[in-house]
Every structure is written in C-alpha cells, then in structure tokens.
Amino acid sequence: MRIGITCYPTYGGSGVVATELGKELAIRGHEVHFVSYALPFRLNLESPRTYFHEVEVTSYPLFDYKPYTLALASQMLQVAMEEKLDVLHVHYAIPHSVSAYLAKQMMRPHKLPIITTLHGTDISLVGTDRSYLPITKFSIEQSDGVTSISESLRTRTVREFGVTHPIELIYNFVNCSQFVKRSSDGLRDRFASKGEKILIHISNFRAVKRVCDVVEIFNQVQKTLPSRLLMVGDGPERAQAEYHAELRNIRDRVYFVGKQEAINEYLGISDLLLLPSDDESFGLVALEAMACEVPVIASKVGGLPEVVRDGVDGYLIPPRNVAEMSQRAIEILSDPKLQELLGKHGRERAEANFCTSIVIPKYLEYYDRIIAQVGK
Ligand code: GMT
C-alpha cells in the first residue's frame, strides 16, 4: 500500500503516534510518505520505504499569516498524484483534515481516500472554540474514515460536534520491544544515587499538563523518601515549574532535561510516572510507562481510565488533588513489592492490548475497508 501521512512534526502525542505508525507500516512493507512543514521528530529517514515531503509556505509582505493550510493541500495533491497514494491519513483535525479535503477535491476525477485520526485537543480545546467548530465538524464529516484514539474522545466528539459519521475506535499503541524496564543502566546513576527513587514526568509542558502540580507532588514525596524528579520535555509552563521548584528549595533535586528522543531510556530507569493533567484523551506516556513496568499516578479524566486501571497499574485521582496524588506516590515508592506488582500489571496490560503487533493490523484493516468503500 502507498500511504500518505500528515501530522504536526513537533513534540506532542499526535505527532508521535503518526510517526510511529508510519515507521511500523514501513517495516511491514508499505510505502509511507510524510507530508508536513518539518521532519517529524522521532522520524528517521534511514528507514526503508519512508519518505518526507516538506511543505514550503511562500512569504509575501501582504501575508501577515502565511497560508499553511493551502500550501499543505497543494503538497498533498502533488504527493498523492506523483506517488499514487492509496490513502491519505491525517492526524489532528485542524487544519490537516481541511487541507486533505481540498486535496481530495482537486484530485477529481481521481479518488483519494482520506482518513482523519482525532487525538484530543483538536476536539477538546481548539475544536470547541466556536470559530473553529463548523469547519472542524465539516472536515470530520467529509473524511472517508475517522478514527478516535479512545472511547472517551469518540463520545465527546459525537456529543459536542453532533457528528453522525461513524467513528472507528483504534487505541494508541506502544512498541513493547523498545519500551522495557532497564535493570541496571548508567543513565540512572546520572540522576540518582543508590537508594533514591526516580519520579518522572514527560509532556509538552502546556497548562493542561499541570506541571507545577508535578513539582508539588514531588516536593511532598521527597520530604519522606530520598528521591529525584525527572522533567522531560519543554513548553510554555516550564519556567513556572522551575520557579516552583526554587520556591520549594528543591531545585537541585529536579532535573529539567528538555526534549528527548529516547524517552524509552528515561522511562526504563524510572520508578513512578506522574501525569496529573486537567484533561487527557488517552495519555500516551502513561501507556509507555506501563510497558516499562513503571506504575502510574494520573488524573481520572478523559481516556485515562481506558488505559490505566485504578489500583491495578497505578492510581487514578481527580485532577488537582495534589494531596491524594502525593500520598499514593509515597505509598507506592515506600513499598517495593507494591511498586513491582503495579509495574508488572501495567506491562501485562500493555502487552495484552496496546502493543504494535495488536494495533497496527487494525489500522491496515481499516485502510483496506475505507479504500474499498471509496472505490477506484
Ligand atoms: O497533549 C497534548 O497537548 C498534545 C496532543 C497532541 O495531539 O499532540 O496530545 C493528545 O494526543 C495524544 C496522542 O493521541 C494523547 O495521548 C493525549 O492524551 C492528547 N492530549 C490531550 O488530550 C490533552
């Protein structure tokens, strides 16, 4: 199959899912063409059958805002024609599904099946901004296929957008061979001494992630247990989080390591993941932690209960309840047997439901179905 993929190339869950999906499809013998304004982070062009087509947006003094959506549509059209794409799969509705719709119209009389995968903030934050709602709803309904990465997001899309189009549920996935626990590793020694616990948070540091809550939970934990906090990623709330650590006098125990590619290595040496977000349609990093046998403390919101089983793989607690999150963190980290048990359960759950070997065939089967439905 020849598959086009469009995503945001920046640090974020939807880009990670799109990139990893493309890589997995290429491994399985399919030709994958990425179309975006920059090379998606985590994409390695050395992989066979993987291509990147950059979208160039012309500057002109008249354009206060460059027309990226139009440039993307034009590049999608060109790639679809030249590479004879069988399907174009866009991740994140805004503006990718609109550009895809335009490319499809321009392709006529040739067919170009379009699939849109909804990831979360395209629906919850941006999509519900009244000015974006009609176009998002339209582009979802005009897609030949629509997938959602959790049941919670699917229900929300139907409820808030009144979309009647069927939405296929295909969960996010993790590479269970790359995301594994690492028993002894030099990386761990860089951050913690023997006997110290490592707590970790990974995100794009947007307000929704509650990074100051992460620091505060850690502050409570380190009063009881020798520990360190790894803050992986970057974004608008980073300075606030650093300031919070300074205020609490724990700046030397908190490592802000910035954006990292090999997050499996960081997770593999960690003892506990903190994900106290205000909202999370799936929480990919929770799944990645579970695959590494790392227990999870996360918010009981959105799609997280579909990923993490409360009391089995970790604990789900209402967002902003820092006191309970801290108490649960201390409970897990002061009981090695409990930490190990929760970690093992998480790994079992990842292996049984979310490994690439289980989820990638579902995308392939869905592509076949949509291509057949659109016809030649
Ligand atoms: O977390 C973000 O703000 C980034 C966003 C994205 O689209 O890149 O993440 C969303 O998609 C991820 C991958 O499907 C999900 O794991 C995240 O839960 C979701 N984020 C939110 O719903 C806030």
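Please list the non-local residues whose amide H lies under 5 Å from the amide H of Thr116, H modeled 1.01 Å from N, same-chain partners needing a gap of 5 or more.
Val90, Gly145, Val146, Thr147
Would you report the distance distribution of C-alpha pairs in the stretch 33-101 as whole percents per 5 angstrom bin, up to the bin with the largest distance?
3, 16, 24, 25, 18, 9, 4, 1, 0
Once you've got the GNM for the chain with C-alpha springs shorter than 10 Å, pick whichever of Leu230, Leu199, Leu62 has the biggest mean-square fluctuation.
It is Leu62.
List the Cys residues of the chain that have no partner Cys with a C-beta closer than 4.7 Å.
Isolated Cys, the chain: Cys7, Cys212, Cys292.
Taking a probe of 1.4 Å, how large is the accessible area per residue of the chain, in Å²?
42 Å²
Which of the aspartates and glutamates could a cross-linker span from Lys209 if the Cα-Cα distance has to be under 12 Å and same-chain partners fewer than 8 positions apart are dropped?
Asp234, Glu237, Asp278, Asp279, Glu280
How big is the charge dipole of the chain about its Cα centre, in debye rounded to the nearest 20, if each Lys and Arg gets +1 on its Cβ and each Asp and Glu gets -1 on its Cβ?
120 debye
What is the set of long-range amide H partners of Gly303 at a cut-off below 5 Å, with H atoms built 1.01 Å from backbone N?
Glu280, Ser281, Phe282
Where does helix 238-247 land angle-wise versus the long Cα axis of the chain, in degrees 0 to 90, nearest 10?
That works out to roughly 10 degrees.
Excluding residues fewer than 8 places away in the same chain, name every one of the lysines whose C-alpha is closer than 27 Å to that of Lys111.
Result set, ordered by chain and number: Lys23, Lys84, Lys137, Lys362, Lys376.
For a distance above 24 Å, tell me the whole-number percent of Cα pairs in the stretch 186-353 that qualify.
Tail fraction, whole percent: 24.
Rounded to two decimals, what is the ratio between the C-alpha radius of gyration of the chain and 2.2 N^0.38 Å?
After normalising by residue count via 2.2 N^0.38 Å, the value is 1.01.
Carbon and sulfur together cover what percent of the accessible area of the chain at a 1.4 Å probe radius?
The value for the chain is 51 percent carbon and sulfur by accessible area.
Give the distance, in whole Å, between the Cα centre of the stretch 219-294 and the Cα centre of the stretch 1-51.
About 27 Å separates the Cα centre of the stretch 219-294 from the one of the stretch 1-51.
Please report, largest first and rounded to whole Å, the three semi-axes of the ellipsoid equivalent to the stretch 114-163, where each semi-axis is the square root of five times an eigenvalue of the C-alpha gyration tensor.
15, 13, 9
The values are calculated or read from the model by the stated rules, or taken from the named source; none is laboratory data. Being a predicted model, the structure only gives us computed values, none of them experimental. Note that each Cβ is placed from the backbone with ideal geometry, even for glycine, and that neighbours are counted across all protein chains shown. Surface accessibility is based on the protein's heavy atoms, side chains included, excluding ligands, DNA and RNA. Shrake-Rupley method; radii C 1.70, N 1.55, O 1.52, S 1.80 Å.
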